[in-house]
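So the structure is just underneath, and the comments pick up after that.
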Ligand code: H2U
Ligand code: ZN
């Protein structure tokens, strides 16, 4: 028998299940009464020049390894000069009792989203953001011909380890399927085998018009997932079966560009800071066989609880399981209430 979730139930500490990773998260909403909550005094966002002669990502500038960037006019992709994975790594595997290792050939690239040093996804026009979507898709397909896993991601802000404010992201491609996508692959595969349907499409259908929705169009859903771990975590998911970025047609790519700029604008408006986050795409691994079980999606993991208060995944979270302090429903409500003006303004809408 299913018992309906009631507010009094949710007001008490409880655990929520993440069907994508098959892990639990502890939700302790009573802690929202702590004094740091509420909009902080507006902290002026630093304004950057459109071009910075000292920036290693701006057009025409020299990078740390001495290479010079071209005078690019839209997006620019280059091999990471300090790559964590190398295509030249020879394959090997080692096993001796409990000691196990294997070589990991791969490739790391950097994607400059725009020549403009001062822009970011939240302040781009939809045309500019659409170019980023196209580059993500093209790069994924190209690398997917050589590697099983292609990870597109962006670290935004110093707090998330971004080394430079110039709008950029990264792509790492590798031979193995790493932990997170391996878990998601297994969960989606099992769900599909059991129900003949796609896990995230089922989720979108069940939860796509409820209190956790941030924004929704015919093609896209932005939602604080029921099982969100990070305070203002969101999931961006297409509403129709889609395995990879490259499967998106023109209309859905344009739609995605609009959805992404609006989402980042909302994040920035929430506490009036350039909201730090790590975002990344999970798309079907490039392996032979059916991709019917896989649904393309992006995760946004921002660490902030307030303008100056960061959620640390430390003691209990590291040792036991993740814990969150505000409910997914409250986070969604606040994101819905945040303004998309920065994004809308840039298109003149
Ligand atoms: P992050 O800001 O997300 O760290 O990405 C920037 C990447 O750019 C980083 O991985 C690379 C760093 O290795 N990089 C270069 O490839 N060349 C440079 O001249 C500086 C930084
Ligand atoms: Zn720059």
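The values are calculated or read from the model by the stated rules, or taken from the named source; none is laboratory data. Just so it is clear, the model here is predicted, and its values are computed rather than measured. Neighbour counts are summed over all protein chains in view; Cβ atoms, including those assigned to glycine, are modelled from backbone coordinates with ideal geometry.
Tabulated data
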quantity: Search result, residues across the stretch 51-79 that are exposed (fewer than 15 other Cβ atoms within 10 Å of the Cβ) and either without any contact (Cβ under 8 Å) to a residue 12 or more places away in the chain or away from ligand 2 (no atom under 16 Å from the Cβ) (or both); calculated: 53, 54, 60, 62, 65, 66, 68, 70, 79
quantity: Members of the stretch 160-210 found to be within 16 Å of ligand 1 (Cβ to nearest atom) and more than 30 Å from residue 48 (Cα to Cα), listed by number; calculated: 173, 174
quantity: Failed condition for residue 94, given (1) part of a loop (DSSP other than H, G, I, E, B); (2) at pLDDT 95 or above; (3) farther than 30 Å from residue 235 by Cβ; calculated: (1)
quantity: Strands (runs of 3 or more DSSP E) enclosed by the stretch 179-252 - at least 3 residues per element that are buried (at least 16 other Cβ atoms within 10 Å of the Cβ) and under 16 Å from the mean Cα position of the chain (by Cα); calculated: 220-223, 234-238
quantity: Test result for residue 110, within 16 Å of ligand 2 (Cβ to nearest atom), assigned to a strand (DSSP E or B) and crowded, with 18+ Cβ neighbours inside 10 Å; calculated: yes
quantity: Residue list for the stretch 116-164, restricted to those being part of a loop (DSSP other than H, G, I, E, B), touching a strand residue (DSSP E or B) at 6+ places or on another chain (Cβ under 6 Å) and either free of Cβ contacts under 8 Å to residues at least 60 places away in the same chain or within 16 Å of ligand 2 (Cβ to nearest atom) (or both); calculated: 161, 162
